[in-house]
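*Asks:* My structure is below; once you've seen it, I'll send some questions.
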2 protein chains.
Amino acid sequence: MDKVLIFGHRNPDTDSICSALVYADLKTKLGASVEPVRLGELNAETRFVLDHFGVQPPRLVDGVSAEAKQVILVDHNERQQSAPDIEQVQVAEVIDHHRIANFETSQPLYYRAEPVGCTATILNKLYKEHGVSVSKEMAGLMVSSIISDTLLLKSPTCTEQDVAAARELAAIAGIDLDSYGLAMLKAGANVRDKSVEELLTLDAKEFQMGAYKVEIAQVNTVDPNDVLERQADVEAAIQRTIDAKGLDLFVFVITDILNNDSVAIALGRAAKAVEIAYGVTLDRNRAVLKGVVSRKKQVVPVLTDTLANYTA
Amino acid sequence: MDKVLIFGHRNPDTDSICSALVYADLKTKLGASVEPVRLGELNAETRFVLDHFGVQPPRLVDGVSAEAKQVILVDHNERQQSAPDIEQVQVAEVIDHHRIANFETSQPLYYRAEPVGCTATILNKLYKEHGVSVSKEMAGLMVSSIISDTLLLKSPTCTEQDVAAARELAAIAGIDLDSYGLAMLKAGANVRDKSVEELLTLDAKEFQMGAYKVEIAQVNTVDPNDVLERQADVEAAIQRTIDAKGLDLFVFVITDILNNDSVAIALGRAAKAVEIAYGVTLDRNRAVLKGVVSRKKQVVPVLTDTLANYTA
């Protein structure tokens, strides 16, 4: 039997890396032949998590079709966020918590999406449904994913199910949710030692919204000014990305994880859509988005709706 | 709170009608405000089932956006198989067992697809996951759906999970699986009293396959000759449908439920794709497809793959 590869999205975050590792653990215990892989470099937050729980990262790949016929996607489904050769393999399963778009199969598949804050919250359910117990290490990876995706249970994407799963998993993992969580988020929020290019690609996702090609990058900080003091360099790098990829809009969301607000820098011929979507005015290409911390819940849907009726 | 409508696909079959009724029962017991509806007329098989278990059919609607903001799809996901105004409502949930195509949301949702033979097999799991017991009537609707979709557990789409669910539900419903199942299938397989137009629309689904617009209709019979003796009329009606809808291909699959084979009648500018897909020759526009009984597993994937590399 061919091995099935399991992976999260490009520019992987903690949920994409950990959910691949965790689902591979569950599938292996259920007798399947699978291997977790990753489509990009580990970020500092994810390295902190893997170090803390002594887990090896998934193997880095730049394509999947050379070594697998079937794959399992975690934490994403949209083609442009997946492996570059995703069209050449069969997607056998998807475990995800995002909208569904740019996704199509010719065969029936196992697709499990739930409107919760984190893929790991769904995976925790799957262990229970299959009657498989969760190890300390896997609990650690799952609770870390939940902390990452929900900004320590504070994001509007966080549901009661995420809170319950986080508490349950923290106990198994032997961590204090608040102190571990803050240390973990801070490990990923150190933006001073990162290049402008790193800031823009660490957690960037591309979306087709109506007629517009949009990229939304996000970075967590303990102080947005650490990024904004380099705004001229940031804008130059964004403009290079827009030109290289033919984007209509690039939105860079700089999130303050202590105050739970964001500053957005928007460039591209459709930048005005950000003003319409949030009722703000872009001043030097930027605007404060009060209370916005979630790309999935507070950025993608409003921009999708705005761009559906927008003429750039 | 607004009521959420639950419905299956157009030209509803037994699974689409019964799964809407059954999921509405489960959601209601879980405290949700929902109503099952249907997008088309009941077929004779489904009427047999509802009569047998004394269950009222769902209300017939020709659109959903006038009375609901949110909907739940069962037994389908593709836009062209759904309510005509599906773009104007939010799809909150999908419970399905088909491929995913022509489906997109702007918001995260609950999507539960499994590669099993019948939606009802998944619904039976959901009752268990939520700790809700299944009534005799709902068990009857679910086992009937499984019998219908798997041709009494004989279709290649039938999985071990469908067999186990059918046995378990037959016991709760108080029926003998074989004798009830055959009576039920025969009730739906009486083609002699149906018009040619009825035969072609009873269970017809439209698909976008690459550049081609394809409609695949299926009818169950105890003897395909009951249909084939009216082939000239059938072809005239198919041609009218092709012209009216601008189809590239219409495949009419006449399935022999006793011998588990089918005869296909194929018309349209892409009809030759059927010859390539099955290695057969169309003689008077028709060919025997040995062992083919499942549109989902034995027709849609092979035609999709063939048409991907086909020039009509």
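*Asks:* Just to be sure, is A:Leu50 crowded, with 19+ Cβ neighbours inside 10 Å and either on the phi < 0 side of the Ramachandran plot or not assigned by the TED database to the domain that holds A:Asp15 (or both)?
*Replies:* Working: crowded, with 19+ Cβ neighbours inside 10 Å: yes; either on the phi < 0 side of the Ramachandran plot or not assigned by the TED database to the domain that holds A:Asp15 (or both): yes.
Criteria met by A:Leu50.
*Asks:* Hey, does the stretch B:65-84 have a residue that's more than 21 Å from the chain's Cα centre (by Cα), crowded, with 17+ Cβ neighbours inside 10 Å, outside any strand (DSSP E or B) and not β-branched (Val, Ile, Thr)?
*Replies:* Scanning the stretch B:65-84 turns up at least one residue that is more than 21 Å from the chain's Cα centre (by Cα), crowded, with 17+ Cβ neighbours inside 10 Å, outside any strand (DSSP E or B) and not β-branched (Val, Ile, Thr).
*Asks:* A further question follows. Restricting attention to the stretch A:94-116, which residues are more than 7 Å from chain B (Cβ to nearest Cβ) and closer than 21 Å to B:Leu126 by Cα?
*Replies:* Residues satisfying the conditions are A:Val94, A:Ile95, A:Asp96, A:Val116.
*Asks:* Find the residue count for the stretch B:201-228, including only residues that are free of Cβ contacts under 8 Å to residues at least 60 places away in the same chain, open to solvent by 10 Å² or more (accessible area, probe 1.4 Å) and either among the basic types (Lys, Arg) or part of a helix (DSSP H, G or I) (or both).
*Replies:* 4
*Asks:* Something else now. Suppose the filter is more than 21 Å from A:Val94 (Cβ to Cβ) and more than 11 Å from chain A (Cβ to nearest Cβ); does B:Lys128 pass it?
*Replies:* Working: more than 21 Å from A:Val94 (Cβ to Cβ): yes; more than 11 Å from chain A (Cβ to nearest Cβ): no.
No: the conditions fail for B:Lys128.
*Asks:* Right, here's the next one. Suppose we filter the stretch B:78-95 for residues that are touching a residue at least 24 places away in the same chain (Cβ under 8 Å) and closer than 20 Å to B:Ile146 by Cβ; how many remain?
*Replies:* 1
*Asks:* Separate question: Among what's in the stretch B:29-45 and is hydrophobic (A, V, I, L, M, F, W, C) and in a loop (DSSP other than H, G, I, E, B), pick the residue that is most open to solvent (accessible area, probe 1.4 Å). Walk me through how you get there before you give the answer.
*Replies:* Keep residues of the stretch B:29-45 that are hydrophobic (A, V, I, L, M, F, W, C), which gives B:30, B:32, B:34, B:37, B:39, B:42, B:44.
Applying the additional criterion that residues be in a loop (DSSP other than H, G, I, E, B) yields B:30, B:32, B:39, B:42.
Values: B:Leu30: 83, B:Ala32: 35, B:Leu39: 32, B:Leu42: 30 Å².
It comes out as B:Leu30.
*Asks:* Could I ask something else about it? Are any residues in the stretch A:296-312 open to solvent by less than 50 Å² (accessible area, probe 1.4 Å), within 12 Å of chain B (Cβ to nearest Cβ) and touching a strand residue (DSSP E or B) at 6+ places or on another chain (Cβ under 9 Å), and if so, which ones?
*Replies:* Residues satisfying the conditions are A:Gln298, A:Val299, A:Val300, A:Leu303, A:Thr304, A:Thr306, A:Leu307.
*Asks:* Another one. In this structure, does B:Ala20 turn out to be buried (at least 21 other Cβ atoms within 10 Å of the Cβ), in contact (Cβ under 8 Å) with a residue 12 or more places away in the chain and within 20 Å of B:Asp96 (Cα to Cα)?
*Replies:* Working: buried (at least 21 other Cβ atoms within 10 Å of the Cβ): yes; in contact (Cβ under 8 Å) with a residue 12 or more places away in the chain: yes; within 20 Å of B:Asp96 (Cα to Cα): yes.
Against the criterion (buried (at least 21 other Cβ atoms within 10 Å of the Cβ), in contact (Cβ under 8 Å) with a residue 12 or more places away in the chain and within 20 Å of B:Asp96 (Cα to Cα)), B:Ala20 qualifies.
*Asks:* Check B:Lys154, B:Lys194 and return the single one that is basic (Lys, Arg), over 30 Å from B:Glu87 (Cα atoms) and touching a Leu at 6+ places or on another chain (Cβ under 8 Å). I'd like the intermediate steps shown before the answer.
*Replies:* Values: B:Lys154 fails: touching a Leu at 6+ places or on another chain (Cβ under 8 Å).
The match here is B:Lys194.
*Asks:* If a residue must be closer than 14 Å to B:Arg286 by Cα, open to solvent by less than 20 Å² (accessible area, probe 1.4 Å) and either assigned to a helix (DSSP H, G or I) or not assigned by the TED database to the domain that holds B:Ala277 (or both), how many such residues does the stretch B:232-261 contain?
*Replies:* Within the stretch B:232-261, residues that are closer than 14 Å to B:Arg286 by Cα, open to solvent by less than 20 Å² (accessible area, probe 1.4 Å) and either assigned to a helix (DSSP H, G or I) or not assigned by the TED database to the domain that holds B:Ala277 (or both) number 2.
*Asks:* Hey, can you tell me all the residues within the stretch A:71-87 that are among the polar types (S, T, N, Q) and within 12 Å of another protein chain (Cβ to nearest Cβ)? Don't jump to the end; show me each part of the working.
*Replies:* Residues of the stretch A:71-87 among the polar types (S, T, N, Q): A:77, A:80-82.
Scanning the stretch A:71-87 gives a single hit, A:Asn77.
*Asks:* I need the full set of residues from the stretch A:1-17 which are out of contact with any His (no Cβ under 6 Å at 6 or more places or on another chain), polar (S, T, N, Q) and buried (at least 24 other Cβ atoms within 10 Å of the Cβ), in order please.
*Replies:* A:Thr14
The values are calculated or read from the model by the stated rules, or taken from the named source; none is laboratory data. The structure presented is a predicted model; accordingly, all values stated were derived computationally and were not measured. Ideal geometry is used to build each Cβ from the backbone, glycine not excepted, and the neighbour counts take in all protein chains shown. Keep in mind that these areas ignore ligands, DNA and RNA; they rest on the heavy atoms of the full protein, side chains included. Shrake-Rupley method; radii C 1.70, N 1.55, O 1.52, S 1.80 Å.
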